[in-house]
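Accompanying notes for the structure given below.
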Amino acid sequence: MAKVIVQFTCGECGATTGRWLGRCPGCGAFGTLVEELQGRDGQPAARTARAPERLGDVRVEEAARLTTGIPELDRVLGGGLVPASLVLVGGEPGVGKSTLLLSALGAVARSGRPALLVTGEESVAQVRLRAERLGGTDDVSILAETDLDAVCATLEREAPAVCVIDSVQTLHATEVGSAPGSVAQVRESAARLLRVAKESGVATILVGHVTKDGSVAGPRVLEHLVDCVLQFEGDRYHAHRVLRAVKNRFGSTNELGVFEMTASGLVGVPDPSTLFGRTEAGEVGAAVAVALEGTRPLLLEVQALVSRTDLAMPRRVGTGVDPKRLAMIVAVLGRHAGVALGSADVFVNVAGGVRIDEPGADLAVALAIASAARGAPLRPGIASFGELGLTGRLRPAAQAERRLEECAKLGVQLVVAPEGTNGRGAAPRVAGAGTLRQALHAALEPAAETSAAE
Ligand SMILES: Nc1ncnc2c1ncn2[C@@H]1O[C@H](COP(=O)(O)OP(=O)(O)OP(=O)(O)O)[C@@H](O)[C@H]1O
Ligand SMILES: [Mg+2]
């Protein structure tokens, strides 16, 4: 006989407890535990031993990746969709998840493979309106359904090459007693879809909502279940959106795709450096970083503002840079390069809403702050990269050659980089610097160095 068990599950981390608690024992969040009923079958599962296979004997059909028809999306996926994989795409409301995935489905359908969109959020007519805006999506099949059983049965019968579920939070499994979007429902939906995806060979893309802090809503177990987690970032008020892989079982996780929202949908920006990597000559507090996002070098403008403050704890605010890294750079500047910022607020911003995770951009952040502190611009046509150590020494950054190539492509005249960096061929001039102090010397206009404003 089925036995119903009551348990409490955390909406943030998925931890379960037998009784209600104000604070989750798993992640420490307050007020996140919700009651859930779990049906359990009293019968123990039949236990039959199975013979494991030798790994070397496992036969694989070479799983050719499916291109989605959107090169930027393919790049983030690691070269296209892997058949029978499960991909989770998260992003803030209105960032363009449905738009991007509908365009991708359109391209898949145009290439002659069946593509299915399961919509739980929008009606078929609403999707049709968007499709008219995007164009070329006539061959996509669409199903407005939120019942998990029906969705799984349809997937098994139709076996499309690619299926998009928009969104996983709207799916509802009848045997799970809680409301759609709850932890148990999302977990059940993802687990069932995973099984169907693997069995029927459907590359399934789940759209997921994000929480206030930007991670995909629902328990973290969802992120463990799926093969690939993509995060769609950027703010609604700017046209540029950035797609990055947070987890990828079939490729690198620091690949980045840049899109621009236009009237005809999201258009990939194949060369974002030209867009984000420009500074105005003579502008104080601006520096160009040569960051490496996955396999792609990217020139990004870093802007800094240093302003005197009376606060006992001066502020260090970074948009697009890690706050801990920013605090470290400010400390190293003060200790090892004579740029004292103890009584100044420091604000740093990275152009285009891009987030830099890579330590190779440290030097550019430091140069932007130093330029702002001293009230003097960097030399014109200059870019920089290099990781900053706590001793003020510059460490070599990975894949220097590729970074230099990108600089050459964009007409950078001088690159300030850690000592020992040298490019080949038509690379721009490299000014090697062993320490942060030497880098400042190479990058700042000579007059500015002596007129220390701080
Ligand atoms: N005609 C248009 N021209 C330019 N941009 C448009 C146009 N119509 C819609 N948009 C943009 O598309 C965005 C909505 O995209 P979409 O519906 O794909 O977002 P979403 O991430 O799926 O949102 P949700 O989480 O609400 O489902 C809006 O923010 C808007 O900026
Ligand atoms: Mg949507």
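The values are calculated or read from the model by the stated rules, or taken from the named source; none is laboratory data. What you see is a predicted model, and the numbers here were worked out from it, not measured in a lab. Cβ sites come from the backbone with ideal geometry, for glycine too, and all protein chains shown count toward neighbours.
With the structure loaded, tell me whether residue 168 is closer than 27 Å to residue 72 by Cβ, crowded, with 22+ Cβ neighbours inside 10 Å, among the β-branched types (Val, Ile, Thr) and within 13 Å of ligand 2 (Cβ to nearest atom) or whether it fails that test. The answer is yes for residue 168. In segment 287-324, what residues are assigned to a strand (DSSP E or B), among the charged types (D, E, K, R) and either loosely packed, with under 14 Cβ neighbours inside 10 Å or touching a Ser or Thr at 6+ places or on another chain (Cβ under 6 Å) (or both)? Selection gives 301, 308. Of the residues that sit in segment 375-405 and are buried (at least 24 other Cβ atoms within 10 Å of the Cβ) and assigned to a helix (DSSP H, G or I), which one is nearest to the chain's Cα centre (by Cα)? The qualifying residue nearest to the chain's Cα centre (by Cα) is 403.
The one condition from (1) in a helix (DSSP H, G or I); (2) in contact (Cβ under 8 Å) with a residue 40 or more places away in the chain; (3) buried (at least 19 other Cβ atoms within 10 Å of the Cβ) that residue 362 does not meet is (2).
For segment 114-123, the count of residues that are more than 14 Å from ligand 1 (Cβ to nearest atom) and out of contact with any helix residue (DSSP H, G or I) (no Cβ under 8 Å at 6 or more places or on another chain) is zero. If you go through segment 63-112 and keep only what is more than 20 Å from the chain's Cα centre (by Cα) and within 16 Å of ligand 2 (Cβ to nearest atom), you end up with 105, 106. From the list 47, 113, the one residue that fits, being in a loop (DSSP other than H, G, I, E, B) and modelled with pLDDT of 90 or more, is 113. Checking each residue in segment 325-356 for being of a type outside the set (A, V, I, L, M, F, W, C) and either under 20 Å from the mean Cα position of the chain (by Cα) or part of a helix (DSSP H, G or I) (or both) picks out 325, 334, 335, 336, 349, 352, 353, 355. Condition (residue is in contact (Cβ under 8 Å) with a residue 60 or more places away in the chain, not in a helix (DSSP H, G or I) and not basic (Lys, Arg)) applied to segment 60-68: is it met by at least one residue? Yes: segment 60-68 contains one or more residues that are in contact (Cβ under 8 Å) with a residue 60 or more places away in the chain, not in a helix (DSSP H, G or I) and not basic (Lys, Arg).
Within segment 116-141, the residues that satisfy the criterion of being small (Gly, Ala, Ser), within 14 Å of ligand 2 (Cβ to nearest atom) and not in a helix (DSSP H, G or I) are 120, 123.
Restricting attention to segment 84-110, which residues are more than 10 Å from ligand 1 (Cβ to nearest atom), surrounded by 19 or more Cβ atoms within 10 Å (Cβ to Cβ) and either at pLDDT below 90 or not in a loop (DSSP other than H, G, I, E, B) (or both)? Scanning segment 84-110 gives 86, 87, 88, 104, 105, 106, 107, 108, 109. Only residues that are under 14 Å from residue 363 (Cβ atoms) and either of a type in the set (S, T, N, Q) or part of a strand (DSSP E or B) (or both) were counted in segment 406-419, giving 5. The one condition from (1) within 16 Å of ligand 2 (Cβ to nearest atom); (2) assigned to a helix (DSSP H, G or I) that residue 180 does not meet is (2). Residue-level check: of (1) modelled with pLDDT of 90 or more; (2) out of contact with any Phe, Trp or Tyr (no Cβ under 7 Å at 6 or more places or on another chain), residue 402 misses just (1). Does segment 169-178 include one or more residues that are under 18 Å from residue 207 (Cβ atoms), away from ligand 1 (no atom under 15 Å from the Cβ), touching a residue at least 24 places away in the same chain (Cβ under 8 Å) and among the small types (Gly, Ala, Ser)? Taking every residue of segment 169-178 in turn, at least one turns out to be under 18 Å from residue 207 (Cβ atoms), away from ligand 1 (no atom under 15 Å from the Cβ), touching a residue at least 24 places away in the same chain (Cβ under 8 Å) and among the small types (Gly, Ala, Ser). Exactly one residue among 81, 134, 143 is surrounded by 22 or more Cβ atoms within 10 Å (Cβ to Cβ) and either over 28 Å from residue 244 (Cα atoms) or of a type outside the set (Ser, Thr, Tyr) (or both), and that residue is 81. Every test in (1) small (Gly, Ala, Ser); (2) buried (at least 21 other Cβ atoms within 10 Å of the Cβ); (3) within 17 Å of residue 205 (Cα to Cα); (4) away from ligand 1 (no atom under 14 Å from the Cβ) is passed by residue 161 save one, and that test is (2).
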